[in-house]
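Below is one structure, written out as structure tokens; comments come after it.
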Amino acid sequence: MAMFVAFDKKAEVNGETVLSIVSGMEMFKKEALEILKKNGIDDPKPGQWYSQQAWLDAFKTISEKLGISTLFLIGKKIPENAQWPKEIDAIQKALPSIDVAYHMNHKIGNEPLFNPQTGAMKEGIGHYGFELTGPKSAKMVCNNPYPCDFDRGIIEAVAQKFKPADSIGISVKHDDSQPCRKKGKDSCTYLVTW
């Protein structure tokens, strides 16, 4: 699947998540709202649902006009704005929770893609795959229609928030030896160390 193209035309994203664009562009809030409006999302509000494709179109506009740094900053705001699984207390739980949160904040045809009571997850928007690769390292494979730098921002924000006390820092690097959505592939891979 191509970057900026929804896997399912009926996919929707909640207002809390859409507002991450405004939060990530906080010094340019008016421009952020204008970009959303030009792409079909007028005056987004929490609790409302919006076309995922319209949101992806806004990302494409931001990518073309403002660049990858802005996409990264927006990604870093996702954990602050989107709905998130509760009771996450360690980086090894936090990184895989990105996929759960992703599904919690999207729906297709009025069907939520994650049921917190049963833990059941539905398909249709891709995934944020997680694999622990060592005592202080992991690999994340992002197979979704969002831009690479946005995903890097999400991963870095989550890893930083749950960085163990004995870790000096967090590193999130795009694995250039793997496929990349910027090159027309279906996924990007990130190597995370702490």
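If you take all other residues with their beta carbon under 11 Å from the beta carbon of Ile91, and give Lys and Arg +1 and Asp and Glu -1, the sum is +3.
Look at the dipole of the chain built from charges on Cβ: of Gly67, Ala94, Ser171, the Cα furthest out on the positive end belongs to Gly67. Using C-alpha pairs below 8 Å separated by at least 6 residues, the relative contact order for the chain is 25 percent.
For the chain, build the charge dipole from Cβ charges (+1 Lys, Arg; -1 Asp, Glu) around the Cα centre, then report which of Ile154, Ala2, Leu113 sits farthest towards its positive end. Farthest towards the positive pole: Ala2. Screening the chain for DSSP H helices whose Cα atoms reach 15 Å or more along their own axis and whose mean Kyte hydropathy is at least 1.6 gives nothing.
Straight-line cross-link reach from Lys38 at under 20 Å between alpha-carbon atoms covers these aspartates and glutamates, not counting any fewer than eight positions away in the same chain: Glu12, Glu16, Glu26, Asp57, Glu64. Distance from the C-alpha centroid of region 146-182 to that of region 45-72: 19 Å, rounded to the whole angstrom.
Here the 3J(HN,Hα) profile of region 122-135, calculated from phi with Karplus coefficients 6.51, -1.76 and 1.60 at θ = phi - 60°, is 9, 8, x, 10, x, 8, 10, x, 10, 9, 6, 10, x, x Hz, Gly and Pro shown as x. In region 87-130, which residues have a backbone nitrogen under 17 Å from the label point lying 7 Å from Asp166's Cα in the Cα-to-Cβ direction? Under cut-off, by backbone N: 90-93. Take every pair of alpha-carbon atoms less than 8 Å apart whose residues are at least six positions apart; their mean separation over the length of region 76-115 yields a relative contact order of 33 percent.
Every read-out reported here was derived from the displayed coordinates using simple, explicitly stated rules and does not represent laboratory data. None of the values given here were measured: they were computed from a predicted structure. Glycine also receives a Cβ, built like all others from the backbone with ideal geometry; neighbour counts cover every protein chain displayed.
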